[in-house]
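One structure is given here, and the rest of the page talks about it.
The values are calculated or read from the model by the stated rules, or taken from the named source; none is laboratory data. Remember, predicted model here, so these are calculated numbers, not experimental data. Note that each Cβ is placed from the backbone with ideal geometry, even for glycine, and that neighbours are counted across all protein chains shown. To get the accessible areas, we keep the full protein, side chains included, count just its heavy atoms, and leave off ligands, DNA and RNA. Shrake-Rupley method; radii C 1.70, N 1.55, O 1.52, S 1.80 Å.
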Amino acid sequence: MNLLYINWDVDPEIINIFGFPLKYYGLLFFAGLVLCYMILKKIYKEEKLSNQAHEALFSYAVIGILVGARLGHCLFYDFDYYSQHPLEIILPIQKGPDGAYTFVGYAGLASHGGGIGLIIMLLLYARKFSIPFMKVLDIIAIATPLAGVFIRLANLMNSEIIGTPSNAPWAFIFRRVDDIPRHPAQLYEAISYFVIFLLVYFIYKKGIFRVGKGFYFGISSLLIFVMRLLIEFVKVDQVSFEQGMSLNMGQLLSIPFILLGLFFIIRSILNKNETKTP
């Protein structure tokens, strides 16, 4: 066995208080949202938007992401189960073989659903605070890749969304799953999203494109979901029906976001060129 393999055997539960577990997943998820909130506060100030609008953004975003991600998982990945257990879609419980319900948390969340839910809530938010919807999308898109970093690190702590077997020296052995060296797909995505965040934030700080024209929404969507589509090739299928599919559910759901991102990037570039034309 390659001695460089990383043996990963982290307990996803930090502490359990009277039957209610505090898990790394929830902690990292919340930490990512808070960090994005702080970055967006600075951007709101630079864009001369009100502090009241910024403070309300957090609640709109959290509701959109959590509800969308939960519904996305239940509808896209495990519809057969949740169609028979609709109560478990909205409550963090699961019925055991003995018929008793236990607290399990919201273990099933889908990033594509979270993206859709966020967009819907931002539409309502933009109307409420009379901010152009495209401007809200652009501002949020600057910080979105950073949120993705924390979500994938949370998946790593849960030893979930693991990669396919690998002989690479950086392979992880997820001891809570099996003894096979695998691609650390969660880290691949986390690193990719961090690089995307640095790139998008750099473009914003340089003022290359104005906020509100769709460029930042476009480039974040394009790069995030291109990386998602590519990294899915070294991931284990999340659900059984994906076996034998040329592209799995995550990849199929990424394609519309990629096309949407390309559309807004091209439109922003063309509009910028037209503005420069005398």
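One table, with the values for the structure above:
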{"quantity": "Within segment 36-143, helices (runs of 4 or more DSSP H) holding 3 or more residues that are open to solvent by less than 40 Å² (accessible area, probe 1.4 Å) and modelled with pLDDT under 90", "calculated": "51-72, 111-129"}
{"quantity": "Among (1) open to solvent by 10 Å² or more (accessible area, probe 1.4 Å); (2) closer than 30 Å to ILE15 by Cβ; (3) of a type outside the set (Val, Ile, Thr); (4) under 16 Å from the mean Cα position of the chain (by Cα) - the single one ARG175 does not satisfy", "calculated": "(4)"}
{"quantity": "Options LEU262, LEU270: the member that is of a type in the set (A, V, I, L, M), assigned by the TED database to the domain that holds ARG182 and in contact (Cβ under 8 Å) with a residue 24 or more places away in the chain", "calculated": "LEU262"}
{"quantity": "Subset of segment 22-35 that is loosely packed, with under 15 Cβ neighbours inside 10 Å and under 30 Å from ASP179 (Cα atoms) - its residue that is modelled with the highest pLDDT", "calculated": "LEU27"}
{"quantity": "Criterion: in contact (Cβ under 8 Å) with a residue 24 or more places away in the chain, assigned to a loop (DSSP other than H, G, I, E, B) and within 27 Å of CYS74 (Cα to Cα) - qualifying residue of GLN238, GLN186", "calculated": "GLN238"}
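Here's the yes/no breakdown for (1) of a type in the set (Val, Ile, Thr); (2) part of a loop (DSSP other than H, G, I, E, B); (3) surrounded by fewer than 20 Cβ atoms within 10 Å (Cβ to Cβ):
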position	(1), (2), (3)
GLY212	no, yes, yes
GLY218	no, no, no
SER246	no, yes, yes
LEU252	no, no, yes
